[in-house]
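Student: Sharing a structure here in structure tokens format.
The values are calculated or read from the model by the stated rules, or taken from the named source; none is laboratory data. A quick note: this is a predicted structure, and the numbers were derived from the prediction, not measured. Using ideal geometry, Cβ is built from the backbone for each residue, glycine included, and neighbour counts are taken over all protein chains shown.
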Amino acid sequence: MTNRVARFIGWLGLTGLSVIALQTQAQGYPIAGVDPSQRPVGAPVIETVVKPPGWYTNALTGITQPYPQSLRFLEDQGNWYTPFNRRGMPPRYDIRGWYSR
């Protein structure tokens, strides 16, 4: 790769990042990660966690009682993604029986 091509690719990348940054600022959304120790003003905050009926039953699919102490994290599970309460690998690797339900 010649020096000229490398500079062009670098310029193209910086231009693309600049456009994305300007679009984000234009929309008025807070930019996370600019100051990791400070939460952006106006950023959304989770105030309540609602677990619908059957949430624990679903999350504990394929696990027999007595439940191990290591599953106590479910009590503190908030409104964020966790792979623990979703189907994973298909049968043969499905040790919790999600696909047989």
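Student: So is PRO36 at pLDDT 80 or above, surrounded by fewer than 10 Cβ atoms within 10 Å (Cβ to Cβ) and either part of a helix (DSSP H, G or I) or not aliphatic (A, V, I, L, M) (or both) or not?
Tutor: Working: at pLDDT 80 or above: no; surrounded by fewer than 10 Cβ atoms within 10 Å (Cβ to Cβ): yes; either part of a helix (DSSP H, G or I) or not aliphatic (A, V, I, L, M) (or both): yes.
Taking the combined requirement at face value, the residue does not satisfy it.
Student: Okay, moving on. State whether one or more residues within the range 20-28 are of a type in the set (Ser, Thr, Tyr) and at pLDDT below 75.
Tutor: Looking through the range 20-28, at least one residue is of a type in the set (Ser, Thr, Tyr) and at pLDDT below 75.
Student: Still on this structure, I have one more. When you look at PRO91, is it modelled with pLDDT of 90 or more, in a loop (DSSP other than H, G, I, E, B) and out of contact with any strand residue (DSSP E or B) (no Cβ under 7 Å at 6 or more places or on another chain), yes or no? Talk me through it step by step, then tell me what you get.
Tutor: Working: modelled with pLDDT of 90 or more: no; in a loop (DSSP other than H, G, I, E, B): yes; out of contact with any strand residue (DSSP E or B) (no Cβ under 7 Å at 6 or more places or on another chain): yes.
The answer is no for PRO91.
Student: Can you find a residue that is part of a helix (DSSP H, G or I), over 20 Å from the mean Cα position of the chain (by Cα) and loosely packed, with under 11 Cβ neighbours inside 10 Å anywhere in the range 43-65?
Tutor: There is at least one residue in the range 43-65 that is part of a helix (DSSP H, G or I), over 20 Å from the mean Cα position of the chain (by Cα) and loosely packed, with under 11 Cβ neighbours inside 10 Å.
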